[in-house]
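See structure below.
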Amino acid sequence: MSLIKPFKKNSKVRIIITLLAILFLLAGLGYWFLYRPVMEVYAQAQILKVKANQLKETLKQNDIALAHSDLTSFKKDYQQFIDKSKQLFWLAKVPFVGSYVVDFENAVYAGEDFILAGEKVIEAIEPHADLLGLKKGDASFIEKPVEERIKTAVYTLEKIKPDINEISKILDRANKRLEEVDPNHYPEKIGNYQIREMLLVGKQQVLGLTELFVSAKPLLENLPEILGSDKEKTYLVLFQNDKELRATGGFWTAYAVFKIDKGNIKLEKSSDIYDLDNSISKRPSLPDKIKQYHLNVNQFYIRDSNLSPDFVESIKLFNSLYNNSSQKVEYDGIIAIDTHVLVDLLEIFGDTQVQGVVFSSRTEPKCDCPQAIYRLFDIIDRPTPYLRENRKGILGDLTYALFRKAIGFSPSRYWGRLVNTMIENMQDKHLILYFVDSNLQKAVESLNYAGRIRDYKGDYLHINNVNFAGAKSNMFVSQEVASSTRFEDGKVLRTVKIVYKNPYPHSDCNLERGGLCLNATLRNWLRVYVPEGSKLIEFKGSKTKVQTYDELNKTVFEGFLTVTPQGKAEVEITYQLPDNLVSEKDYSLLIQKQPGTDNDKFAVTVGNKELFNQVLKTDTEIKLQ
């Protein structure tokens, strides 16, 4: 017995020593193959975060040489990030954690593709940086005559076209990698961090950016042709007065004809829309909606033809009249702009004089609006004891003067800001494009620059207001929308409440004494577009009998209301969505903004969650995660 006890004691010691050795070995392996690589990856990620912020600030400076330098530095650090990350890729074969590592690997190599795409973009445009306003010292371009500058731009765009395909392929590869990442595999929260939502938003933003480039590809490739590289192009510019709101963004108050031939732009004509109306001898019959809601209108005028909220449909109606005009010109495209675009251009280029009148973006106290807008209304709408021909032609002249300024200055001074501003105006629907060429039209539609009413699989909302004979009251009337969705007994019920307010006093509308009638009672034809098949439960606030019908693959609830100066009006609509359209688990809503609107406030609540509460600047998709 005395021999056995020591033996057992020694066995226990050996087992303990062996276990300790294994633990130390595992700890060592864990340190070298897991903890140490993870900490190295984390440290390198922090370096990249700082460099990414630096690169972001550099891009704002429109200095492509500095951007190229910073991107090269970022790429070098990112390569170190890849090398350190590779130490963890072996975990892809380990149960449970493997799927997360695969996601990480896909994200890492997608990032490498985005850097490569960025390099290709810079390599494509750097030789032409002077022209594009992305580098200082562009004297070679600014010294050219104004007529030669845009021509140079056209040929430069031609040279960049081959690079667009290569960049598109790289971004497509990155997209495929990111599509493999499923944020739903991750927990909603870790500590105070919303992990799943952060991944979902990040993935959507990146995919959205690459899809935007792919969608823009046909437009970018055809930009030289749009600017007349092969043959002369003719464009009709329609000025939409958003202060007298109509379905597509504003009352069509004036028009201009521009011709572009190999970059040389010429203002062919700038005139009053009434002048165009007077040139039409044969008119279609007056639409029922004008008979019902407009005042003192007994003929169908071209100025009233943008009745549909879908810009293409309104152009079809426009053409039904325009084709009978003696002043008709064959056009390649139509550009619709509102006062927001003009004010933005004045903000960039400063005060501009046209026909002896100075226009500015500064605030005019008489209307609490930009001075340029007040001056235009003063010229166009104020009655005079003498005849003023083609009063609204000044709009085209002002647009042309601003364009001449755009190509008359050093590109590095203005062009970066100008391009960003025009893209923002297209996104916010202050500038709408239409092309006769079906491929170009498809391209602008894919970018949502064409003013179309879009198809959508989930919930949908578009509120469309039309000012019929209510002066320029949309300059003074605000709109607030409260949208709430609730799920009851397997049904999806929605209530949309719209509050209109006009806090300003009535204008002097006495035409005999020369009053400038801007603020008067708004006569508002209202249409609310919702998913097709929705059932109206109640419509409060309409002064006319409510109508329900289907149009543009949507169901429409239609009414009419008025808003007096220093007064308000409210509309409340309750309806049921079609069965099986959305559920509480995967609810999504697309709100389409009406063109020409600026400060409409929207609050969206689903169940007891407020998902959105801000000014609606552009079309917005809202999802209940």
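The values are calculated or read from the model by the stated rules, or taken from the named source; none is laboratory data. These numbers come from a predicted model, not from an experiment. All Cβ positions, even for glycine, are placed from backbone atoms using ideal geometry, and neighbour counts span all protein chains on display.
Here are the numbers for the structure shown:
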{"read-out": "Residues of the range 297-309 classified as surrounded by fewer than 23 Cβ atoms within 10 Å (Cβ to Cβ) and outside any helix (DSSP H, G or I), total", "value": "7"}
{"read-out": "Inter-residue pairs, beta-carbon under 6 Å, first without any contact (Cβ under 8 Å) to a residue 12 or more places away in the chain and in the range 54-78, second in a helix (DSSP H, G or I) and surrounded by 13 or more Cβ atoms within 10 Å (Cβ to Cβ), 6+ apart", "value": "Leu59/Ala67; Leu66/Thr58"}
{"read-out": "Qualifying positions in the range 547-561 - closer than 17 Å to Ile537 by Cβ and either surrounded by fewer than 20 Cβ atoms within 10 Å (Cβ to Cβ) or among the aliphatic types (A, V, I, L, M) (or both)", "value": "Gln547, Thr548, Tyr549, Val556"}
{"read-out": "Residue within the range 602-609 that is under 27 Å from Asn467 (Cα atoms), surrounded by fewer than 17 Cβ atoms within 10 Å (Cβ to Cβ) and not assigned by TED's automatic domain parsing to the domain that holds Val343 present", "value": "yes"}
{"read-out": "Residue selected from the range 237-263 under the condition aliphatic (A, V, I, L, M) and touching an Asp or Glu at 6+ places or on another chain (Cβ under 9 Å), by the criterion surrounded by the most Cβ atoms within 10 Å (Cβ to Cβ)", "value": "Ala254"}
{"read-out": "Selection status of Tyr456, buried (at least 21 other Cβ atoms within 10 Å of the Cβ) and either of a type in the set (Ser, Thr, Tyr) or assigned by TED's automatic domain parsing to the domain that holds Phe239 (or both)", "value": "no"}
{"read-out": "Among residues of the range 475-506, those that are over 21 Å from Lys593 (Cα atoms), not in a strand (DSSP E or B) and not acidic (Asp, Glu), counted", "value": "5"}
{"read-out": "Subset of the range 264-289 [within 25 Å of His430 (Cβ to Cβ) and surrounded by 15 or more Cβ atoms within 10 Å (Cβ to Cβ)]", "value": "Ile265, Leu267, Lys269, Ser270, Ser271, Asp272, Ile273, Tyr274, Asp275, Leu276, Asp277, Lys289"}
{"read-out": "Candidates Phe612, Phe557, filtered to the one that is part of a strand (DSSP E or B) and either over 30 Å from Glu188 (Cβ atoms) or among the aliphatic types (A, V, I, L, M) (or both)", "value": "Phe557"}
{"read-out": "Candidate set from the range 363-398 (those that are of a type in the set (Val, Ile, Thr) and at pLDDT 80 or above); member that is farthest from Glu268 (Cα to Cα)", "value": "Thr363"}
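Let's see how each residue does on (1) within 25 Å of Met475 (Cα to Cα); (2) at pLDDT 95 or above:
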residue: Thr574; (1), (2): no, yes
residue: Val582; (1), (2): no, no
residue: Lys585; (1), (2): no, no
residue: Ile591; (1), (2): yes, yes
residue: Asn599; (1), (2): yes, no
residue: Phe602; (1), (2): yes, yes
residue: Lys609; (1), (2): no, no
residue: Ile622; (1), (2): no, no
residue: Gln625; (1), (2): no, no
